[in-house]
1. Heavy atoms only, probe 1.4 Å: what % of the accessible area of the stretch 174-232 goes to carbon and sulfur, would you let me know?
2. Heavy-atom accessible area per residue, the chain, 1.4 Å probe: how many Å²?
3. Please enumerate, by chain and number, the lysines with C-alpha under 27 Å from the C-alpha of LYS163, excluding those fewer than 8 residues away in the same chain.
4. What value, in deg cm²/dmol to 500, does the helix sum -39500 (n - 2.57) over DSSP H runs of n ≥ 4 give at 222 nm once divided by the residues of the chain?
5. Pairwise over distinct Cα atoms, reciprocal of the mean inverse distance: report the Kirkwood radius of the stretch 178-236 in Å, one decimal place.
6. Which label belongs to the value computed from this structure, given these candidates for Rg and Dmax of the Cα atoms in Å: [x] 25.9, 84; [y] 21.7, 68; [z] 22.2, 76?
7. Mind checking the angle between helix 102-120 and the chain's longest principal axis? C-alpha axes, 0 to 90 degrees, to the nearest 10.
8. Give the angle, between 0 and 90 degrees and rounded to the nearest 10, that separates the Cα long axis of helix 233-245 from the longest principal axis of the Cα atoms of the chain.
Amino acid sequence: MSRRRSAAFIPVAVGALIGGLGVFSVSAAAPTGTDASEVTHWNQVAATTLIAFPPAAGGAAPAFQINMGMVQGAVYDAVNAIGPKQHRSYLLAQRTGARASIDAAVATAAYDVLANLILTSPGVPDPTGRLTTLTSQYRASIDAIDNNAFKMQGITIGHAAAKAMLDSRIGDGRFAPSTWVLNPDKGHWSPLINPMTGMPALDPTQWVAYVKPFLIQSSSQFRSVPPPDLTGEQWATEFNEVKAKGRATLSTRTDEQTYIARWWQSAPGLSWNEVARQLIARTNLDAADSARLLALQNMSGADAAINCWNDKYHFDFWRPWNAIRRAAEDDNLATDPDPLWAPLIAAPYPEWTSGHNCLDAAHTTVLRLFFGDDPVGGPFQITSFFVDPGGPAERTFETFTQPLTELIVARIWAGLHYRSADVEGQRLGRNVANYGIANYFQPVGH
């Protein structure tokens, strides 16, 4: 693994998905007219559009992931509805002819969902201007397609897929007011105070904890094990690890560890969609396979965020900056308080479990299914935009195991999490993704 590296990638045909589940199949090469260029283009348009929303309007990582799930679910249904039915639909029962334009279907489904999110998400600044930009992008896609009946069929099925998705999310709990109440008892989270305003720094999207999932049966289906007993040896070990490694100043971190801690602040949904686009291009996945991959990846990511945020507010467990300053209250002789301790990085919601680890594990579980742990064709790159002193920083990874292993310690080095919260977060994300793999987007007849 290296921070910066260039590699020449040779596209490799993929014959079957990894994992031995026997529920997916992947084309060996993209048939003429069914390449994934428009699928990946609109995935990138969606990511760029949605990440620019303010946090409370859906730009925060868990809400961004829910919005991406809506877009990619609609795109999958639109592509899957064209021609003979090969895979189970997500929501859409309607079908259209085999020669309908896949590109028109993809662009229309994505555009309709994104336009709705721009216009209905509270607090999006300049929605008219954003919609104008999005409409220009849509017009460029549609104008590039020959004007004929097949184009119109694609547009029609794209509208239908988007409508099915948007109708299914009416009253789903998005943007509901926060229900969190401060509990001053030991072991419970309390927010940091913004020194500029004197107000507590609170979660802008606490509603994620209770929103309706896409694939799993409830927002708490994969409840994590509880945090460690405050009087036990495990708690003392994990407490002292983050106390030493995660503090803002006088830490035992190396410069490299500080860089890595900051680098991983990049939004996981943004990062793993970037990786998916790289691997789709490298392996020549066709439009149908690519739409299915991105739907399963982003809807699993959305449900991992939902279940994880539900855990956070269920356990309401204190962050390291709470626990270390108040260690005299934990009845553990192996922990000592430090009233001046501050983390390298802070977050405005409870600790247990790690949201980043939940999301990364969900995304990579799906990517492994399609490409293996060691992706065909060589390494992949991720770009982070949250590195001090600023600016993008690209890093290269050889396998999906590498970033997941690093992320566990990176969140400790950031002062955000205890080790077991990171491990539990990855377990939750894998469980959610494996449930989606087993129950959705399978071939007809399975």
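1. Working: 2010 of 3270 Å².
Answer for the stretch 174-232: carbon and sulfur cover 62 percent of the accessible area.
2. Numbers: 17200 Å² over 446 residues.
Result: 39 Å² of accessible area for each residue.
3. LYS85, LYS151, LYS212
4. Numbers: 13 runs with 215 residues, N = 446.
Calculated at 222 nm, the ellipticity per residue is -16000 deg cm²/dmol.
5. On the way: mean 1/r = 0.0675 Å⁻¹.
So the Kirkwood estimate lands at 14.8 Å.
6. So the structure-derived entry is [z].
7. Orientation of helix 102-120: about 40 degrees from the principal axis.
8. Rounded to the nearest ten degrees, it is 80.
The values are calculated or read from the model by the stated rules, or taken from the named source; none is laboratory data. All values reported here derive from a predicted model rather than from experimental measurement. FYI the Cβ positions are ideal-geometry reconstructions off the backbone, even for glycines, and counts take in every protein chain you see. All accessible areas refer to the heavy atoms of the entire protein, side chains included, with ligands and DNA or RNA removed. Shrake-Rupley method; radii C 1.70, N 1.55, O 1.52, S 1.80 Å.
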